[in-house]
Amino acid sequence: MPQIEEAQPKYLQIAHHIRDQILRGDLRPGEEVPSERQLASDWKVSRPTAARSLEALSNQGLVEKRQGSGTYVRSLEVNRRARELYGRARQTGTIYTPGEYAVITSAGWIEAPDHVAAALGLAGGRPAVHRQRVTNDRNGPITLSTSWFAPDVGQRAPRLLESERIKEGTLRYVEGMTGRQGGYAEDRVCARLSTEEEAAALRLEPGSAVLLVRHVVFDLQDRPLEFAEATYPPNRWAFEQDYPLA
């Protein structure tokens with residue numbers, strides 16, 4: 001039986017064990033994960049605790065429950081660009097490829113909009129730290145993005161308030177300053193018409209269609225660590241995905 005660390009609730013320990021198997025590729029998209037009954041037996045926990053661990057994995061977007069069948073691993077390629085940026089930062093110390101660069105257009109404390117406050121678990125009207133940037137390559141703007149952090153993170157990571165680039169990326173920097181490690185992320189994607197600010201930053205005609213991605217990073221304790229919004233211009237490939245047809 002896998003060992004359960006008492007520092008975290010048992011359901012989270014089970015969920016993190018399965019999550020690690022998924023991220024390593026031991027459990028691949030489309031494969032079935034252990035059932036509630038099997039988890040309860042293997043980990044010597046109650047069925048409700050086992051069910052809660054599967055619910056946590058579902059909330060993280062890692063698995064999906066199929067009625068009358070079981071629980072299966074989902075594809076992890078929703079926001080491949082974000083995954084590539086984090087992976088590149090950890091391997092090379094920088095998040096950008098040659099030819100890419102970012103300009104920080106705004107940084108500091110500001111009252112968090114309602115949707116940002118909800119994502120970070122803040123009370124309405126609370127200030128938060130934001131960092132807005134435009135990322136470019138030789139063909140022009142790639143994306144306009146804003147990262148948001150809760151007040152305690154801003155206090156422990158003061159470079160977030162500066163307009164200078166953070167070479168290793170904001171998440172990597174925040175992890176080092178706070179001791180909190182990003183564990184998983186959730187993405188929501190939609191298309192809409194650009195705002196005036198987005199059109200100006202991305203050099204678009206007013207009212208152009210754009211792709212909006214809202215991205216929340218959670219730490220290993222399932223607490224929100226970063227909320228980010230990224231706006232992508234039309235006619236620029238934002239995501240790529242390879243997948244089997246069988």
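Couple of notes before you dig in:
- Selection from the stretch 112-139 of residues that are open to solvent by 40 Å² or more (accessible area, probe 1.4 Å) and closer than 20 Å to Glu162 by Cβ: Pro127
- Set Glu226, Glu175: member being within 15 Å of the chain's Cα centre (by Cα), under 23 Å from Ser58 (Cα atoms) and not hydroxyl-bearing (Ser, Thr, Tyr): Glu226
- When we screen Val189, Val217, Val213 for residues that are under 24 Å from Ala112 (Cβ atoms) and in contact with a Gly (Cβ under 9 Å, 6 or more places away or on another chain), the only hit is Val217.
- Count of the stretch 16-35 residues, restricted to those that are modelled with pLDDT of 90 or more, crowded, with 20+ Cβ neighbours inside 10 Å and in a helix (DSSP H, G or I), is 1.
- The condition of being touching a residue at least 12 places away in the same chain (Cβ under 8 Å), under 30 Å from Arg28 (Cβ atoms) and out of contact with any Gly (no Cβ under 6 Å at 6 or more places or on another chain) holds for only one of Gly154, Gly182, Gly140, that being Gly182.
- When we screen Ser145, Ser163 for residues that are among the polar types (S, T, N, Q), in contact (Cβ under 8 Å) with a residue 60 or more places away in the chain and out of contact with any Asp or Glu (no Cβ under 6 Å at 6 or more places or on another chain), the only hit is Ser145.
- Just one of the numbered conditions (1) open to solvent by 50 Å² or more (accessible area, probe 1.4 Å); (2) of a type outside the set (S, T, N, Q); (3) under 20 Å from Ser106 (Cβ atoms) is not true of Arg188: (3).
- Filtered by the rule that a residue be modelled with pLDDT of 90 or more, on the phi < 0 side of the Ramachandran plot and small (Gly, Ala, Ser), the stretch 194-240 gives Ser194, Ala199, Ala200, Ala201, Ser208, Ala209, Ala228, Ala230.
- Residue that is of a type outside the set (S, T, N, Q), in contact with a strand residue (DSSP E or B) (Cβ under 7 Å, 6 or more places away or on another chain) and either crowded, with 20+ Cβ neighbours inside 10 Å or within 23 Å of Tyr101 (Cβ to Cβ) (or both), where the choices are Leu193, Leu204, Leu220, Leu212: Leu212
- Residue that is surrounded by the most Cβ atoms within 10 Å (Cβ to Cβ) [pool: residues in the stretch 36-72 that are modelled with pLDDT of 90 or more and assigned to a strand (DSSP E or B)]: Thr71
The values are calculated or read from the model by the stated rules, or taken from the named source; none is laboratory data. All of these numbers come straight from a predicted model, not from anything done at the bench. Backbone-built Cβ (ideal geometry, glycine too); neighbour counts: all protein chains shown. Areas reflect the complete protein model, heavy atoms only, side chains present, ligands, DNA and RNA absent. Shrake-Rupley method; radii C 1.70, N 1.55, O 1.52, S 1.80 Å.
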